[in-house]
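Data first, discussion second: the structure below is written as structure tokens.
The values are calculated or read from the model by the stated rules, or taken from the named source; none is laboratory data. Not measured: the values here are computed from a predicted model. So basically every Cβ, Gly included, is an ideal-geometry build from the backbone, and we count neighbours across all protein chains shown.
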Amino acid sequence: MSDSQWTLMIHGGAGMLTRATLTPAQSAGAREALGRALDAGGSVLAGGGGALDAVEAAVRVLEDDPHFNAGRGAVLSYDGAVSLDAAIMDGRDRRAGSVAGVSATRNPVSLARRVMTGSPHVMLSGAGADQFSLEHGLDQAGRDWFVTPERESQLAEMIADPDGWFDVAMKYGTVGAVARDAEGHVAAATSTGGVTGKRWGRIGDSPLIGAGTYADDRGCAVSATGSGEFFIRAGAGHEIAARMRLLGEDVATAARTVMADVAALGGAGGVIVVAPDASAIWDFTTPGMFRGRADSSGARTVAIFGDEG
Ligand code: ASP
């Protein structure tokens, strides 16, 4: 269906985001970066580009921005290492690529896309994925690019108080994008450093196709953020798309039903969802979610707190 309508939604993580927990400088910086990500993805879509290119472009901007837990500014593992996860999926044919525990690619979302297009696999991890990245000529980056002083002090705080298991003050900052292009196709991408102080090679929902990332033209595209273990157990991304496809639910009903299930299991977080009919929604169980939306009508929203947008 080519009707020249497009819709882009992005997130920069959900969590304990309130006017009391974020400084004005933090929220202004995050809003500015969300705006740039909407511009990057939106200009792809406005120029007739596809949903897959748009979600990659939007996520790359957020990966490069230190306000979010992905790429530069990613949270650190228990041993102080950088360990990044990302995924991308094309709703046209459900081709997907993902990486887990990578440490040297500047934009993990682009590495995930290269896994999709340049290998017979869906998911690569650790040293092998870093090697694949080098062999395929992706932009490399070192610790000095990824690590910020704020993430180093959050790790120190977490180690001093290991009860803060999921994240320091629950400020998840994973990034993601979903888009519907002018041809009516959808795509999703998600990128993260996971949770502060993660150990033992822990991997969350973000790079798991069907959990934190999913796209299917017969249902919708989904990118999630929050306490990943619960999104994995709920099969959140696939479940939202399956409810739309099999039960005929609209985006809001499907997203809210699955987020209620995540909450019932004990999880918290949010999702962004867009369908081939251009309907779109964000839904979150936390006090706030860094988020943005733009579409072909010229409408554009950037918001953080629960009472906005
Ligand atoms: N969902 C991510 C994970 O569990 C964390 C986040 O959303 O910030 O790895």
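Name every residue in the stretch 18-38 that is free of Cβ contacts under 8 Å to residues at least 24 places away in the same chain and under 21 Å from G73 (Cα atoms), in order of residue number. Working first, answer last.
Narrowing the stretch 18-38 to residues free of Cβ contacts under 8 Å to residues at least 24 places away in the same chain: 20, 23-25, 28, 32.
Scanning the stretch 18-38 gives T23, P24, A25, A28, E32.
Name the helices (runs of 4 or more DSSP H) wholly within the stretch 61-178 that hold at least 2 residues that are away from the ligand (no atom under 16 Å from the Cβ) and in contact with a strand residue (DSSP E or B) (Cβ under 8 Å, 6 or more places away or on another chain)? Break it down into steps so the answer makes sense when it comes.
On the way: elements: 108-118, 126-135, 143-146, 149-160.
In the stretch 61-178, the matching helices (runs of 4 or more DSSP H) lie at 108-118, 126-135.
If you go through the stretch 163-180 one residue at a time, do you hit one that is at pLDDT 95 or above and surrounded by fewer than 24 Cβ atoms within 10 Å (Cβ to Cβ)?
no
Just to be sure, is D205 within 12 Å of the chain's Cα centre (by Cα), crowded, with 19+ Cβ neighbours inside 10 Å, under 15 Å from A189 (Cα atoms) and charged (D, E, K, R)? Give the steps one after another, and end with the answer.
Working: within 12 Å of the chain's Cα centre (by Cα): yes; crowded, with 19+ Cβ neighbours inside 10 Å: yes; under 15 Å from A189 (Cα atoms): yes; charged (D, E, K, R): yes.
Answer is yes for this residue.
Which of the following residues is surrounded by fewer than 24 Cβ atoms within 10 Å (Cβ to Cβ), free of Cβ contacts under 8 Å to residues at least 12 places away in the same chain and not hydrophobic (A, V, I, L, M, F, W, C): E249, E183?
On the way: E183 fails: free of Cβ contacts under 8 Å to residues at least 12 places away in the same chain.
Going through E249, E183 in turn, the sole match is E249.
Considering the stretch 80-117 alone, what residues qualify as being farther than 13 Å from S191 by Cβ and without any contact (Cβ under 8 Å) to a residue 60 or more places away in the chain?
Answer for the stretch 80-117, where residues must be farther than 13 Å from S191 by Cβ and without any contact (Cβ under 8 Å) to a residue 60 or more places away in the chain: A81, D93, R95, S103, A104, R114, V115, M116, T117.
Being among the small types (G, A, S), more than 10 Å from the ligand (Cβ to nearest atom) and out of contact with any Pro (no Cβ under 7 Å at 6 or more places or on another chain) is the filter here, so list the residues in the stretch 180-216 that pass it.
A182, A187, A188, A189, G197, G201, G210, A215
Name the pairs whose Cβ atoms lie under 8 Å apart, with the first residue in the stretch 214-227 and within 16 Å of S279 (Cα to Cα), the second surrounded by fewer than 24 Cβ atoms within 10 Å (Cβ to Cβ) and of a type in the set (D, E, K, R), and 6 or more positions between them or separate chains?
Short answer, once both residue conditions are applied: A215/R94; D216/R94; D216/R245; D217/R92; R218/R245; G219/R243; G219/R245.
What tally of residues in the stretch 217-231 results from selecting those that are among the aliphatic types (A, V, I, L, M) and within 8 Å of the ligand (Cβ to nearest atom)? It would help to see each step written out before you state the result.
Step one: list which residues in the stretch 217-231 are among the aliphatic types (A, V, I, L, M), which gives 221-222, 224.
Among the residues that remain, those that are also within 8 Å of the ligand (Cβ to nearest atom) are: 224.
Selection size over the stretch 217-231: 1.
Can you name the residue in the stretch 256-270 that is closer than 15 Å to G204 by Cα and among the aliphatic types (A, V, I, L, M) and is also surrounded by the most Cβ atoms within 10 Å (Cβ to Cβ) among such residues? Walk me through how you get there before you give the answer.
Here is the first cut: in the stretch 256-270, the residues closer than 15 Å to G204 by Cα are 262, 267-270.
Imposing the further condition that a residue be among the aliphatic types (A, V, I, L, M) reduces the set to 262, 268.
Details: V262: 24, A268: 21.
For the stretch 256-270, the residue satisfying everything is V262.
Please count how many residues of the stretch 153-162 are crowded, with 17+ Cβ neighbours inside 10 Å and at pLDDT below 85.
Just the residues of the stretch 153-162 that are crowded, with 17+ Cβ neighbours inside 10 Å, to begin with: 154-155, 158.
Okay, now just the ones that are also at pLDDT below 85, so 158.
Residues flagged as crowded, with 17+ Cβ neighbours inside 10 Å and at pLDDT below 85 within the stretch 153-162 amount to 1.
In the stretch 284-300, which residues are closer than 11 Å to L8 by Cα and small (G, A, S)?
G292, A294, S296, A299
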